[in-house]
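See structure below.
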Amino acid sequence: MRILPRTAESGSYAALAGLAPKRRPSLTPYYFILPYLVFFVLFRLGPSLAGLGIAFTNWQAVGTPRFVGFANFEAMARDPRLGDAFQNTVFFALLTVPTLIVLSLALALFLNQPRRGRAVGRVVVFMPYVIMSTVVGVLWTWILDKDFGLLNVYLNFFGIANVPWLVSESTAMYGIILTTVWWTVGYNMVLFLAGLQDIPHELYEAARIDGARAWGVFRFVTLPLLAPTTFLVLMLTIINSFQVFDQVYVMTSGGPGTATLTLVQYIYTTSFQFQKFGYGSAVALILFGILVIVAFFQIRGYRRGLKGVE
Amino acid sequence: MSRTISRAAWYVLLVVVVALVLAPALWMLSTSIKPEREIITTQIRWIPQNFTVEHFQAIVQNYPMMQWLFNSLFTATAATLLVLVLDSMAGYAFARMEFRGRGLLFMIVLSMLFVPIQITVVPLFILFSRLGLTDTYWALILPVGANVTGVFLMRQFFLSIPGELEEAARVDGASAFRVFWSVVLPLARPALTAVAIITFLSTWNSFFWPLIVTRSDSVRTLPVGIAQFLSLRAGMVQGQMSIGQSMAGAVFAALPPIVIFVILQRYFIEGISRTGIKG
């Protein structure tokens with residue numbers, strides 16, 4: 001895995017080909033890059049910087065925005081709904097991320113065996129991911145229905161009384177988590193499968209000749225060599241978990257009460273239903289801060305993990 | 001002997017996994033073709049006693065399903081084409097050409113991967129309202145052109161292919177654009193396919209921005225339409241939604257991508273693996 005850019009070794013070639021003559025700088029590279037840069041600056045870099053600025057204003061859609069320093073951030077400390085949103089999001093991530101990693105790794109190992117039917121298995125497990133998130137939300141609202149939902153009817157079969165799922169504060173988040181796992185487990189499995197394919201076959205054979213059993217092979221060959229993939233999946237699932245929105249919007253809109261209110265759901269209602277642009281952007285900035293911290297630890301952990309392997 | 005047991009175990013496990021994943025989707029299909037009185041029951045019947053297409057007729061009559069579908073298909077296709085043009089050129093320049101500020105520029109582009117779009121939506125919304133372009137196709141298509149992943153994937157791909165062919169073409173006197181168009185791009189088919197699939201899938205599925213920027217049915221995309229009008233929650237608020245119609249809407253929206261996926265599954269899975277690992 002190469003997340004960080006590799007230094008380009010193509011310089012000498014480009015110079016040879018005359019794309020970048022040493023004496024007179026050519027404009028050609030700029031013709032290639034400019035179209036993208038226009039879009040990038042207008043729709044990504046510019047808005048990001050502007051969002052950063054808006055977070056320090058009291059802008060409310062009408063009226064002129066005024067710079068208010070850290071007032072928005074001070075107000076956040078006293079905002080109980082934001083506190084709930086933060087807690088719920090962390091809770092969601094804490095449960096979803098490990099579940100997804102263990103389950104998708106297990107499925108990848110299972111469907112990596114050279115046996116008949118594995119292709120069908122892979123296609124089926126990946127299939128939910130191509131369905132739109134909102135459709136997945138609609139479908140699972142029905143599956144999780146308290147009285148007539150498929151899940152409860154089957155749970156009754158095993159002697160478990162009706163779980164209120166989305167209509168109770170204590171269970172609603174579990175419903176969202178279940179939905180998310182079903183929707184994305186196949187995507188993560190495919191990432192793990194690709195990682196498994198990169199492990200040289202000889203290593204397995206060597207381990208087996210040394211007398212390693214299945215568990216030993218997994219523990220001392222597969223798992224360490226899969227570390228870069230695992231870190232990637234970990235990073236992607238954490239980032240996505242902190243941004244969970246679509247399913248929540250469709251299935252509960254943050255309710256009952258604030259039981260499933262997440263950070264992004266809160267940003268959405270603050271900015272676009274109550275038109276508090278300044279405050280909404282400040283909350284978005286907190287989300288950005290969380291993601292930066294996650295990325296920092298990931299990169300550090302990734303480096304350390306690599307050292308451990310070598 | 002132990003071989004047959006493990007083979008039996010393999011098939012049993014495989015069937016269990018496949019059944020667990022498929023069950024919710026099949027239940028959606030089953031519900032969508034049942035009359036309402038067969039839906040509201042605790043008796044599980046996978047095959048309906050009486051088939052009906054009334055829910056599908058109802059949703060197509062009551063909601064502009066076809067218009068939403070067209071909006072989604074059109075904007076996702078246009079955005080994908082835009083991304084292919086922009087990102088292949090930019091990725092090529094980042095990988096193969098030398099120019100002042102290349103390293104810094106690439107770092108800036110890459111750093112945007114960590115900036116959640118929730119920070120950009122307010123300024124983006126204001127930008128599009130100043131331009132008078134909210135609630136238009138433009139608002140749905142143009143921002144996709146700023147995506148980072150595609151540029152990154154194209155650059156990684158161009159770094160990995162040898163440069164001799166381009167060199168030969170240049171020696172023959174071909175211009176940089178000519179080399180790019182007739183030598184480089186044909187070689188880049190796998191990377192272009194991956195970028196196309198990823199972009200199409202993410203635009204097709206995109207919800208947060210379209211929810212904010214669309215208001216009328218002539219622009220509204222399928223995920224937004226479904227969420228606002230056909231979810232059971234929306235139905236509770238309006239007090240009229242039937243579960244059958246809700247599921248019919250879900251089937252209507254889920255079927256096209258599933259069919260496309262089953263046909264092109266190899267490319268999907270290759271494309272996804274590329275983002276993760278080779279990227």
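Summary of values
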| read-out | value |
| --- | --- |
| From the options A:Ala284, A:Ala206, residue that is facing chain B (nearest Cβ under 8 Å), farther than 26 Å from A:Trp142 by Cβ, modelled with pLDDT of 85 or more and part of a helix (DSSP H, G or I) | A:Ala284 |
| Considering residues of region B:13-35 that are in contact (Cβ under 8 Å) with a residue 40 or more places away in the chain and either of a type in the set (S, T, N, Q) or exposed (fewer than 14 other Cβ atoms within 10 Å of the Cβ) (or both) only, the residue nearest to the other protein chains (Cβ to nearest Cβ) | B:Thr31 |
| Only one of B:Ile119, B:Ile108, B:Ile126, B:Ile141 that is in contact with a helix residue (DSSP H, G or I) (Cβ under 6 Å, 6 or more places away or on another chain) and either modelled with pLDDT under 95 or not assigned by TED's automatic domain parsing to the domain that holds B:Val179 (or both) | B:Ile119 |
| Checklist (1) more than 19 Å from A:Val185 (Cα to Cα); (2) more than 11 Å from chain B (Cβ to nearest Cβ); (3) modelled with pLDDT under 95 applied to A:Arg116, failing item | (2) |
| The one condition in (1) surrounded by 15 or more Cβ atoms within 10 Å (Cβ to Cβ); (2) more than 10 Å from chain B (Cβ to nearest Cβ) that A:Arg66 fails to fulfil | (1) |
| Positions within region B:162-180 being loosely packed, with under 11 Cβ neighbours inside 10 Å and either of a type in the set (D, E, K, R) or farther than 15 Å from B:Tyr92 by Cα (or both), in sequence order | B:Glu164, B:Asp172, B:Gly173 |
| Sole residue being more than 8 Å from chain B (Cβ to nearest Cβ) and free of Cβ contacts under 8 Å to residues at least 60 places away in the same chain, chosen from A:Ala227, A:Ala212 | A:Ala212 |
| Qualifying residue in region B:47-63 (condition: under 25 Å from the mean Cα position of the chain (by Cα), more than 10 Å from chain A (Cβ to nearest Cβ) and surrounded by fewer than 16 Cβ atoms within 10 Å (Cβ to Cβ)) | yes |
| Boolean, A:Phe272 is farther than 16 Å from A:Leu100 by Cα and assigned to a helix (DSSP H, G or I) | yes |
| Test: residue in region A:226-249 that is at pLDDT 90 or above, of a type in the set (A, V, I, L, M), assigned to a helix (DSSP H, G or I) and farther than 30 Å from B:Thr149 by Cβ | no |
| Helices (runs of 4 or more DSSP H) fully within region A:1-62 counting 3 or more residues that are at pLDDT 90 or above and either out of contact with any His (no Cβ under 8 Å at 6 or more places or on another chain) or over 13 Å from B:Phe94 (Cβ atoms) (or both) | A:28-40, A:46-54 |
| Residue satisfying all of: in region B:203-234; more than 14 Å from the chain's Cα centre (by Cα) and polar (S, T, N, Q); surrounded by the most Cβ atoms within 10 Å (Cβ to Cβ) among these | B:Ser231 |
| Test: B:Thr199 is surrounded by 18 or more Cβ atoms within 10 Å (Cβ to Cβ), away from chain A (no Cβ under 12 Å) and not aliphatic (A, V, I, L, M) | yes |
| Residue match in region A:128-136 (condition: more than 17 Å from B:Ile269 (Cα to Cα), part of a loop (DSSP other than H, G, I, E, B) and more than 7 Å from chain B (Cβ to nearest Cβ)) | no |
| Selected residue [crowded, with 17+ Cβ neighbours inside 10 Å, out of contact with any Leu (no Cβ under 7 Å at 6 or more places or on another chain), under 29 Å from A:Gly53 (Cβ atoms) and facing chain A (nearest Cβ under 10 Å)] from B:Val144, B:Val151 | B:Val151 |
| Pick from region B:236-272, criterion modelled with pLDDT of 80 or more and outside any helix (DSSP H, G or I), ranking: farthest from the chain's Cα centre (by Cα) | B:Ser242 |
| Within region A:265-281, tally of residues that are surrounded by 24 or more Cβ atoms within 10 Å (Cβ to Cβ) and within 7 Å of chain B (Cβ to nearest Cβ) | 5 |
| Within region B:159-177, considering residues that are among the charged types (D, E, K, R) and under 25 Å from B:Phe106 (Cβ atoms), the one nearest to the chain's Cα centre (by Cα) | B:Glu166 |
| Failed criterion for A:Gly257 (all others in (1) within 22 Å of A:Tyr174 (Cβ to Cβ); (2) assigned to a helix (DSSP H, G or I); (3) out of contact with any Pro (no Cβ under 9 Å at 6 or more places or on another chain) hold) | (2) |
| Enumeration of residues in region A:29-63 that are more than 16 Å from A:Ser271 (Cβ to Cβ), of a type in the set (Phe, Trp, Tyr) and crowded, with 18+ Cβ neighbours inside 10 Å | A:Phe32, A:Tyr36, A:Phe39, A:Phe40, A:Phe43 |
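Condition check ((1) touching a strand residue (DSSP E or B) at 6+ places or on another chain (Cβ under 8 Å); (2) more than 17 Å from B:Leu86 (Cα to Cα); (3) in a helix (DSSP H, G or I)) across all residues:
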{"position": "B:Leu104", "(1), (2), (3)": "no, yes, yes"}
{"position": "B:Leu110", "(1), (2), (3)": "no, no, yes"}
{"position": "B:Ile119", "(1), (2), (3)": "no, yes, yes"}
{"position": "B:Leu133", "(1), (2), (3)": "no, yes, no"}
{"position": "B:Val144", "(1), (2), (3)": "no, no, yes"}
{"position": "B:Leu153", "(1), (2), (3)": "no, no, yes"}
{"position": "B:Arg178", "(1), (2), (3)": "no, no, yes"}
{"position": "B:Ile198", "(1), (2), (3)": "no, no, yes"}
{"position": "B:Leu201", "(1), (2), (3)": "no, yes, yes"}
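Let's see how each residue does on (1) over 30 Å from A:Leu291 (Cα atoms); (2) not in a helix (DSSP H, G or I); (3) not assigned by TED's automatic domain parsing to the domain that holds B:Ala194:
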{"position": "B:Ala25", "(1), (2), (3)": "yes, no, yes"}
{"position": "B:Leu69", "(1), (2), (3)": "yes, no, no"}
{"position": "B:Ala93", "(1), (2), (3)": "no, no, no"}
{"position": "B:Glu98", "(1), (2), (3)": "yes, yes, no"}
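The values are calculated or read from the model by the stated rules, or taken from the named source; none is laboratory data. This structure is a prediction, so every number in the text was calculated from the model and none was measured. Ideal geometry is used to build each Cβ from the backbone, glycine not excepted, and the neighbour counts take in all protein chains shown.
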